[in-house]
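Structure, as structure tokens:
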Amino acid sequence: MSFISLEFIFFFCICFFAYYLVGRSYQKYVLLLSSCVFIGYHQLSFLLVAMGVTLFSYIAARHIEKARNQKYFTTRYVASVGMIVLFWIMDRYAGTLSGSKFFLFSLGISFYSFQAISYLTEVYWGEEKAERSLPDYMLYMLFFMKFLSGPIERPGSLLPQLKNLRPATYEMMTYGLKLIAVGLIKKIVLADQIAPYISGIFDAPHAASGVELIMACMLYPVELYADFSGYTDMALGGALMFGLHLSPNFNRPFVAQSTADLWRRWHMSLSYWVRDYVYLPLSSATRHWKQKGLIFSLLLTFVALGVWHGSGWTFVIYGLIQGLVIVYEVKARNFRDWLKRVLGHNLFATWSILCTYVIFALSLIFFRCDTISDAFYFIRHLSFTNYTNCKDVNLGMSDHICIVSGVALFLVLVYEFFMSRGDLLKRLERQPAVVRWSVYYLIVFTIFIYGKFGANNFIYLQF
Amino acid sequence: METSEIIESLNLIFRKVLKRENIVLAEDSTARDVPGWDSLTNMILISEIEKNYQIHFSFREIVKFKHVGDLCRSIIEKQE
């Protein structure tokens, strides 16, 4: 049940009305039941697996907390996290290795497993108490608006909200609806319009010209961003309508001036997760190795981040590239400072933004290609001089699609620029009714006239 | 040892590790106020501080430092 489907709209409306019709003490049970229906609707086994991980981590946290001494404490923590990681790896690789269709990769498992590890680690560190209420914890793990592709929530951020559910205010509901509309524009007016043309090139790079390879490579980050941030906006907006604040996942990643900066702005709930639970403990343990410890921790962290996205060496290389570029940035700090003085602030910023984008786009070739040999073929054949005709530049898209997706991208970038300078959606609320409703109608007409309906899948569902 | 004395020596360590001569720390300085001080350089700084004062911070102590003042207080406690 994708967010962009009639089934989901129907399902969401029933949950929404049931949530506000029942008494306050039953609201969490409405959300919990809805979440179970949502997950089980995809496949019953997905619900069983999610319930299994949830119950296991709930019981494990209680045991960790009850441990009598430090030795038991650490053993229980390591064993519990180890079991979840092992289970995640088995679930991830069972289908790939056996080649059997019997083993299905459980939807959302990468996201809720990371939430479970985050929870167990916080309990182990003494930052959180083991949760007493099973329904609250189940909702933390299974809440349907973030189940499929995150954001990966921390216990300290979501559990207190679930323990004290408050109905959404009128402002929260309208803000949530606006976020959903923005997400829809990103997804169906931008991402889904250009996706088939980019996929065509990545799925058959051998049949594409050099210019087409360059254009697909440069446009893929835009597609990925519009798809995933569109999903996140809808998740945040939908949750807000139940009075729940989820964590943001993106903060204008395409203005990042370095790859390290990009990862503070791109899929933030995942990058902060790996920073806090992988990179910081690793770099702390290896800090006496000085620079070598830093490099080791960075590379291992980013390889882990790459592997989180999928099985196969392509994802290892994708992560390794991110790590190596950040290591270079750390080592070349003085050179970058010198370059900034020579070029001036504005020119240096523009140059850095362009370099960061191009490096990220090139690394995504490994993320998107099915095999390493495809990825290397893709890179070797990137060329401005190898083309069939001028239509190669727009990957065969019609003029209509070029204009629609180009304008949508421009509007998304402008929207995010103004959002960074104060909340544009809240400013819109303060405008006269005529202005507000004109904008609302414009958005609705844009979605219905220029949106591409029918492509229901989000890229990050596969992770 | 006074906080001001510790801050003086921290200034020298930060300048050496971050290779910036103009760093002047205060008790309420955070990573946001000091160019180059981020999660990538933090552990190298901590390692230099530990070496300088012959002390050891645990991982949980390190991640709980909110600003330079917290770091100074921890150094003073460990030296006592």
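The values are calculated or read from the model by the stated rules, or taken from the named source; none is laboratory data. It should be emphasised that the depicted structure is a prediction, and the values quoted were computed from it without experimental measurement. We place every Cβ from the backbone using ideal geometry, glycine too, and count neighbours over all the protein chains shown.
Just one of the listed residues (A:ILE353, A:ILE372) is among the aliphatic types (A, V, I, L, M), surrounded by 14 or more Cβ atoms within 10 Å (Cβ to Cβ), in contact with a Ser or Thr (Cβ under 7 Å, 6 or more places away or on another chain) and under 30 Å from B:LEU40 (Cβ atoms), and it is A:ILE372. Determine, yes or no, whether A:MET51 is in a helix (DSSP H, G or I) and modelled with pLDDT under 85. No, not satisfied. Residues that are at the interface with chain B (Cβ under 10 Å from one of its Cβ atoms), among the hydroxyl-bearing types (Ser, Thr, Tyr) and either touching a residue at least 12 places away in the same chain (Cβ under 8 Å) or crowded, with 19+ Cβ neighbours inside 10 Å (or both) within the stretch A:277-308 comprise A:TYR279, A:SER283, A:SER284, A:SER297, listed in sequence order.
The rows are residues; the columns are (1) surrounded by fewer than 17 Cβ atoms within 10 Å (Cβ to Cβ); (2) in the same structural domain as A:ILE185 (by TED's automatic domain parsing); (3) under 30 Å from A:GLY237 (Cβ atoms).
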position	(1), (2), (3)
A:GLY40	yes, no, yes
A:ILE59	yes, no, no
A:LEU86	yes, no, no
A:PHE105	no, no, yes
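Restricting the stretch B:10-35 to residues that are free of Cβ contacts under 8 Å to residues at least 24 places away in the same chain and basic (Lys, Arg), the residue that is nearest to B:ILE46 (Cα to Cα) is B:ARG15. Taking chain B as the region of interest, the helices (runs of 4 or more DSSP H) fully inside it that hold 1 or more residues being away from chain A (no Cβ under 14 Å) are B:3-18, B:42-53, B:68-79.
Screening A:SER25, A:SER5, A:SER34 for residues that are under 27 Å from the mean Cα position of the chain (by Cα) and under 21 Å from A:MET141 (Cα atoms) leaves exactly one candidate, A:SER34. Where helices (runs of 4 or more DSSP H) fall wholly inside the stretch A:145-218, the ranges with 2 or more residues that are at pLDDT below 95 and in the same structural domain as A:ILE372 (by TED's automatic domain parsing) are A:170-184, A:192-203.
Conditions (1) of a type in the set (A, V, I, L, M, F, W, C); (2) farther than 28 Å from A:ASP374 by Cβ; (3) away from chain B (no Cβ under 14 Å); (4) buried (at least 21 other Cβ atoms within 10 Å of the Cβ), marked per residue:
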{"residue": "A:LEU142", "(1), (2), (3), (4)": "yes, yes, yes, yes"}
{"residue": "A:PRO151", "(1), (2), (3), (4)": "no, yes, yes, yes"}
{"residue": "A:GLY156", "(1), (2), (3), (4)": "no, yes, no, no"}
{"residue": "A:TYR170", "(1), (2), (3), (4)": "no, yes, yes, no"}
{"residue": "A:GLY183", "(1), (2), (3), (4)": "no, yes, yes, yes"}
{"residue": "A:ILE188", "(1), (2), (3), (4)": "yes, yes, yes, yes"}
{"residue": "A:ALA208", "(1), (2), (3), (4)": "yes, no, yes, yes"}
{"residue": "A:LEU219", "(1), (2), (3), (4)": "yes, no, yes, yes"}
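Given the condition more than 14 Å from every other protein chain (Cβ to nearest Cβ), within 21 Å of the chain's Cα centre (by Cα) and buried (at least 18 other Cβ atoms within 10 Å of the Cβ), answer yes or no: does some residue in the stretch A:258-265 qualify? No; the residues of the stretch A:258-265 include none that is more than 14 Å from every other protein chain (Cβ to nearest Cβ), within 21 Å of the chain's Cα centre (by Cα) and buried (at least 18 other Cβ atoms within 10 Å of the Cβ).
Every residue, every condition in (1) surrounded by 19 or more Cβ atoms within 10 Å (Cβ to Cβ); (2) within 30 Å of A:ALA181 (Cα to Cα); (3) among the polar types (S, T, N, Q), yes or no:
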| residue | (1), (2), (3) |
| --- | --- |
| A:ILE4 | yes, yes, no |
| A:PHE17 | no, yes, no |
| A:VAL22 | no, yes, no |
| A:TYR29 | no, yes, no |
| A:THR74 | no, no, yes |
| A:VAL78 | no, no, no |
| A:SER113 | yes, yes, yes |
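Evaluation of B:CYS72 against the conditions (1) surrounded by fewer than 19 Cβ atoms within 10 Å (Cβ to Cβ); (2) within 10 Å of the chain's Cα centre (by Cα) shows that the sole unmet condition is (1).
Regarding A:SER269, is this residue out of contact with any helix residue (DSSP H, G or I) (no Cβ under 7 Å at 6 or more places or on another chain), more than 14 Å from chain B (Cβ to nearest Cβ) and within 23 Å of A:GLU153 (Cα to Cα)? The answer is yes for A:SER269.
Here is the figure for the stretch B:48-80: residues that are of a type in the set (Ser, Thr, Tyr) and closer than 21 Å to B:GLU5 by Cβ total 2. Evaluation of A:LYS391 against the conditions (1) assigned to a loop (DSSP other than H, G, I, E, B); (2) more than 29 Å from A:ASN251 (Cβ to Cβ); (3) of a type in the set (Lys, Arg) shows that the sole unmet condition is (1).
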